């Protein structure tokens, strides 16, 4: 299985979500078989993140989208929790604040784009503005229909500056969603997470399907691909996302930067020193104040 | 061992760093003995972080300070890596940018203070302004000597709004520092991290000792305590920090918030629905567009 190719939305293609099996699990029968594979992928991601942080040339932007209960939080927690929190930020895009709503729709996303060497994860993203805003007629069609091009241009800007962009649509079906809603109702420690709007949004299932399909079809580019991840099985979802992240980071062929000092020089000068030498200021600059 | 009490700088006390053993390791002989204890602490931290995120009442600010090579990065990576990156941000305070330097010294720290429900980790912090700036005479004494009070006032402000503040000084001795510098020189994958300034700063050992002691003595308060963590043994450092974080978070006695909806009502209304009912809009609001 090559997750990158198998789940990528090819530019120019016409994805139809109903034709993609959300319960797909490749050759794995159950979670237990996937666990060691995921563990290995996590280690590879961690190593690549360290390299990225050291090299300071590339950055990584991961966008997570999906219906309610599709597993965005879980993906962050399990797969991306493998990352060192230093150099990795997560932003949840909720209803825009007054200040955010007073700007163009990309403003708040641009602000938290990853700096060189860093990873940024968007839990929901600028795509909300062609999803929920479209489904609920919060802006007229003339406005949201222009946004796909703005999004592609924005992502090109980031990509040209060295940002690797990976966008995951976590694909579940209605049965799985309903099952997860019911699990929440049955678990008192998760009652705080429940809002009636979950069920209301589910009633717009088909509208969301069309909106997701348009976003996937119009905005999966060579420089910022979309992936449709079969997500009915949480462990398979984790495996697929981790696999794509690990593979694409490794493809960057990052390397540790050259040291900023002459290591041989440093070695000659300091390696034989003991702590008294150093504390007595042998190593100190002329600016030494004492 | 009660790490909180044993390592806390009591308000009004006069800490003398030379009298604190940086190689202390309590009853543990080696890393292997501490590993399962740390694992358990990590799980407790993770559970508490989830509660904090759910409850949205408290927040947590962790400040890490220490000499070069004291293990700030390592502590973040190992102990705080236990946290879910969602709801947890790490900020490294380096040399101030032009914009930062054009503001008061607390401005850049305040900007990234944790929101309710969130954890913020400062890798170095506002204390740099009474450490490096003092040691290198970057501002006159009349300026840095006023800052302790500003710091206490700032931390009181955060604390009054529900922020739990924990400040860790990672305590190593000069031999350990030199050993770690030498390890870096001997490891090609870490050469990019080396700068000659590490050795130059080490030459100011005593000046830093005085500056750290003043910060610890003047700014360890009931609402924002400092801890001096024996850090020659990395695994003991991790254990001690994790233990204090877990204990103080649990002392907040956080609880899941009441659900925002009437769960019984939701149950009655939706629990028996199937996906067709929902998709046909039984659950939909009158605003349903289709």
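Just so you know, all these numbers are worked out from the coordinates, no wet-lab data involved. Note that the structure is predicted; figures quoted are calculated from it, not measured. Here the Cβ positions follow ideal geometry from the backbone for every residue, glycine too, while neighbour counts run over all protein chains shown.
Data for the structure
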| quantity | calculated |
| --- | --- |
| Pair residue A:157, residue B:255: separation of 7 Å Cα→Cβ label points (nm) | 4.8 |
| Rotationally averaged projected area of the range B:72-123 (alpha carbon convex hull; nm²) | 4.0 |
| From the C-alpha gyration tensor of chain B, square roots of 5λ in Å | 41, 23, 19 |
| Helix B:174-186 vs. chain B, principal-axis angle (Cα, 0 to 90°, nearest 10) | 70 |
| Gain in span if fully extended, residue B:68 to residue B:115, counting 0.36 nm per residue against the direct Cα distance | 14.0 nm |
| Label zone at residue B:182, where the point sits 7 Å out along the Cα-to-Cβ direction: the range A:254-273 residues whose backbone N lies under 11 Å | A:271-273 |
| C-alpha long axis of helix A:205-219 to longest principal axis of chain A, angle in ° | 50 |
| Residue-averaged beta-carbon neighbours from other chains (10 angstrom radius) around B:167-175 | 1 |
| Burial order of peptide ranges B:211-223, A:52-64, B:7-19 (average beta-carbon count within 10 Å, highest first) | A:52-64, B:211-223, B:7-19 |
| Extension gain (nm, one decimal) between residue B:150 and residue B:269, 0.36 nm per residue minus Cα-Cα | 37.4 nm |
| Å³ per residue enclosed by the Cα convex hull of the range A:1-93 | 152 |
| Packing-based order for B:253-264, B:108-119, using average beta carbon neighbours within 10 Å, highest first | B:108-119, B:253-264 |
| Test item: A:80-90 mean partner chain Cβ contacts at 10 Å | 6 |
| Chain B: angle of helix B:31-55 to the longest principal axis, Cα-based, in degrees nearest 10 | 50 |
| Likely footprinting exposure, A:75, A:209, B:189, fewest C-beta neighbours within 10 Å first | B:189, A:209, A:75 |
| Dimensions in Å of the range B:112-167 - Rg and Dmax from alpha carbons | 13.0, 39 |
| Sorted peptide list for A:135-142, A:32-39, B:129-136, criterion being average Cβ within 10 angstrom, highest first | B:129-136, A:32-39, A:135-142 |
| DSSP bridge pairs, the protein assembly as shown: antiparallel proportion in percent, nearest 5 | 5 |
| Debye intensity ratio in log₁₀ form over the Cα atoms of the protein assembly as shown, taken at each q of 0.06 Å⁻¹ | -0.35 |
| Averaged over A:187-198, number of beta-carbon atoms from partner chains that fall within 10 Å | 5 |
| Inter-label distance, nm, simple model (7 Å from Cα along the C-beta direction), residue A:31/residue A:103 | 4.0 |
| Relative contact order [Cα under 8 Å, 6+ residues apart], chain B, whole percent | 34 |
| Descending principal axes extents, the range B:217-263, alpha-carbon based, whole Å | 53, 29, 12 |
| Mean projected area (nm²) of the alpha-carbon convex hull when the range A:63-180 is viewed from all directions | 8.2 |
| Antiparallel %, DSSP beta bridges [both residues in the range B:3-251], to 5 | 5 |
| Förster-model FRET efficiency, 51 Å R0, residue B:247 and residue A:23, C-beta, rounded to 0.05 | 0.70 |
| Cα gyration tensor of the range A:140-254 - equivalent ellipsoid semi-axes, whole Å, descending | 30, 22, 12 |
